[in-house]
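Input: a single structure, listed below in structure tokens.
The values are calculated or read from the model by the stated rules, or taken from the named source; none is laboratory data. From a predicted model like this one, the values you see are computed outputs, not experimental measurements. No Cβ is skipped: glycine too gets one built from the backbone with ideal geometry, and neighbour counts run over all protein chains shown. Ligands, DNA and RNA are stripped out before the accessible areas are found, and what is left, the full protein with its side chains, is counted by its heavy atoms. Shrake-Rupley method; radii C 1.70, N 1.55, O 1.52, S 1.80 Å.
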Amino acid sequence: MTRYVIVGAGAVGVSLAVELGDRGHDVLLVARGATLKYLAAQPLSYHSHAGHREIRLPAVALDADLGLRTGDIVVLAVKSQDLPTVAPALAWRDVTDEQGTVRGIAANLVPVVTVQNGLDAERTTARWFDTVLGAVFLISAQHTRTGEVRVGGHPYVGGALAGIASTLTPEFAEQALKTFTTDLHDANFLIKQVTDIHSYKAAKIVHSVRNGVEVLAGDRKTKDAVGQALSAEARFVLTAAGFDPADTAALILDPAQGHFSERSGVTAGRQSTWQSFARGTPTNEVDYLNGEISLLARLHGIPAPLNTRLQQLLGRATHAGGGLDLPGIDTLAELLAVEQD
Ligand SMILES: NC(=O)c1ccc[n+]([C@@H]2O[C@H](COP(=O)([O-])OP(=O)(O)OC[C@H]3O[C@@H](n4cnc5c(N)ncnc54)[C@H](OP(=O)(O)O)[C@@H]3O)[C@@H](O)[C@H]2O)c1
């Protein structure tokens with residue numbers, strides 16, 4: 001069975017580690033800081049539809065010997081801003097075969113899966129790795145306390161669309177993609193192989209640019225209106241910049257995909273960016289979500305006032321220490337009113 005080296009012991013990384021581990025896969029988590037210390041000392045608390053379990057998960061630091069072998073699949077489950085640190089730290093490692101003979105380096109021999117929202121992960125990772133499999137993850141996974149992960153999906157753990165983002169060795173990439181999607185399917189994920197993963201990543205960012213609104217104080221109606229306008233602006237900029245975002249409806253693989261179990265304790269909304277603010281992390285992914293739209297807008301000379309304003313609001317808030325229920329929805333609503341005039 002394929003061994004999975006999962007870098008990032010957060011919401012997505014732990015969910016994959018537990019669910020693949022339950023199906024008999026050898027999994028190794030790469031963690032850091034408080035999470036690494038926690039996992040070394042005690043089991044992790046995993047809450048899902050199946051109930052609450054305390055699970056021991058093997059975890060090491062990024063600079064540890066990962067014993068990379070041919071046949072391993074590496075999943076990068078850190079946030080986009082951490083990829084430029086993580087990818088080169090893995091790329092030049094030796095990879096051995098079953099006999100322990102060094103066959104080459106990870107950059108050439110290990111397929112890497114990128115689960116990040118946004119558009120940057122596949123390009124960043126391809127700077128170091130020959131074969132990158134992009135995945136759009138559709139999962140309600142929450143990590144707001146060290147040592148605790150909640151996954152809400154039921155009857156499916158979650159969904160994923162996966163495809164080859166880039167490769168120099170198409171047959172090897174096809175085989176790795178087949179293995180990854182089969183293993184996820186067996187681990188109770190809804191899964192779809194796609195040929196144009198970049199188009200689905202573009203569709204996902206149209207949705208993800210709304211995530212930052214969750215950390216702002218404000219009434220639901222205003223937040224919904226701002227969220228819809230952020231998405232519309234993102235789609236406009238992406239299309240003008242030459243991307244071809246799939247319809248967001250194409251991200252729904254099954255009517256039951258969005259259902260989740262109350263037993264997991266997962267709270268609706270509270271997506272990855274909200275969780276970063278709730279945990280008070282010093283960095284978050286906003287610069288790769290709304291910031292990606294700002295970047296494309298600047299490169300193509302198209303204004304993207306709403307996404308840029310939200311990026312700036314949340315960037316300044318992070319700089320000032322973060323938090324939740326932050327001020328600023330009014331300034332976004334004002335922009336919306338100007339756009340609608
Ligand atoms: N959560 C979801 O439901 C969901 C759904 C779809 C897609 N995604 C995407 O999946 C990606 C991961 O999101 P997430 O919610 O799982 O994030 P997360 O809970 O913050 O997990 C990321 C983990 O990576 C760790 N990490 C970062 N740099 C590292 C390094 N150098 N060495 C070892 N560990 C490192 C972080 O450590 P620290 O705790 O020390 O920061 C954190 O524990 C994001 O790009 C997100 O957009 C998430």
### Task
Kindly list, by first and then second residue, each pair from a residue in region 215-229 that is in the same structural domain as residue 327 (by TED's automatic domain parsing) and touching a residue at least 60 places away in the same chain (Cβ under 8 Å) to a residue that is in a loop (DSSP other than H, G, I, E, B) and open to solvent by 40 Å² or more (accessible area, probe 1.4 Å), limited to pairs with Cβ atoms under 7 Å and residues at least 6 apart or on different chains.
215/324; 217/325; 217/327
## Note on the structure
Within region 288-322, of all residues that are charged (D, E, K, R) and over 14 Å from residue 213 (Cα atoms), the one surrounded by the most Cβ atoms within 10 Å (Cβ to Cβ) is 292
### Query
Which one of these is within 12 Å of the ligand (Cβ to nearest atom), modelled with pLDDT of 95 or more and not in a strand (DSSP E or B): 161, 119, 177?
119
### Message
Consider region 85-114. How many of its residues are away from the ligand (no atom under 15 Å from the Cβ), more than 23 Å from residue 181 (Cα to Cα) and free of Cβ contacts under 8 Å to residues at least 24 places away in the same chain?
### Response
7
### Query
Taking strands (runs of 3 or more DSSP E) that fall entirely within region 1-103, which contain at least 1 residues that are touching a Pro at 6+ places or on another chain (Cβ under 7 Å) and assigned by TED's automatic domain parsing to the domain that holds residue 187?
27-30, 51-55, 73-76
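Being modelled with pLDDT of 95 or more, away from the ligand (no atom under 16 Å from the Cβ) and touching a helix residue (DSSP H, G or I) at 6+ places or on another chain (Cβ under 6 Å) is the requirement here; does residue 2 meet it? Outline the logic, then answer.
Working: modelled with pLDDT of 95 or more: yes; away from the ligand (no atom under 16 Å from the Cβ): yes; touching a helix residue (DSSP H, G or I) at 6+ places or on another chain (Cβ under 6 Å): yes.
Spelling it out, residue 2 is indeed modelled with pLDDT of 95 or more, away from the ligand (no atom under 16 Å from the Cβ) and touching a helix residue (DSSP H, G or I) at 6+ places or on another chain (Cβ under 6 Å).
For every residue, the table says whether it meets (1) within 11 Å of the ligand (Cβ to nearest atom); (2) more than 19 Å from the chain's Cα centre (by Cα).
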{"position": "245", "(1), (2)": "no, no"}
{"position": "257", "(1), (2)": "no, no"}
{"position": "262", "(1), (2)": "no, yes"}
{"position": "265", "(1), (2)": "no, yes"}
{"position": "268", "(1), (2)": "no, no"}
{"position": "271", "(1), (2)": "yes, no"}
{"position": "275", "(1), (2)": "yes, no"}
{"position": "281", "(1), (2)": "yes, no"}
{"position": "284", "(1), (2)": "yes, no"}
### Task
Give the residue that is nearest to the chain's Cα centre (by Cα), with candidates limited to residues of region 287-341 that are closer than 14 Å to residue 230 by Cα and assigned to a loop (DSSP other than H, G, I, E, B).
304
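Could you grab me the full set of residues in region 40-70 that are farther than 24 Å from residue 93 by Cα and surrounded by 13 or more Cβ atoms within 10 Å (Cβ to Cβ)? Working first, answer last.
Filtering region 40-70 down to residues farther than 24 Å from residue 93 by Cα leaves 41-56.
Those that are farther than 24 Å from residue 93 by Cα and surrounded by 13 or more Cβ atoms within 10 Å (Cβ to Cβ): 43, 44, 45, 46, 47, 48, 49, 50, 52, 53, 55.
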### Query
Does residue 126 qualify as being out of contact with any Phe, Trp or Tyr (no Cβ under 9 Å at 6 or more places or on another chain), outside the structural domain of residue 284 (by TED's automatic domain parsing) and within 24 Å of residue 178 (Cα to Cα)?
yes
### Query
List the pairs whose first member sits in region 133-157 and is assigned to a strand (DSSP E or B), whose second member is crowded, with 21+ Cβ neighbours inside 10 Å and among the aromatic types (Phe, Trp, Tyr), and whose Cβ atoms are under 6 Å apart, counting only residues at least 6 apart or on separate chains?
136/200; 149/46; 153/260
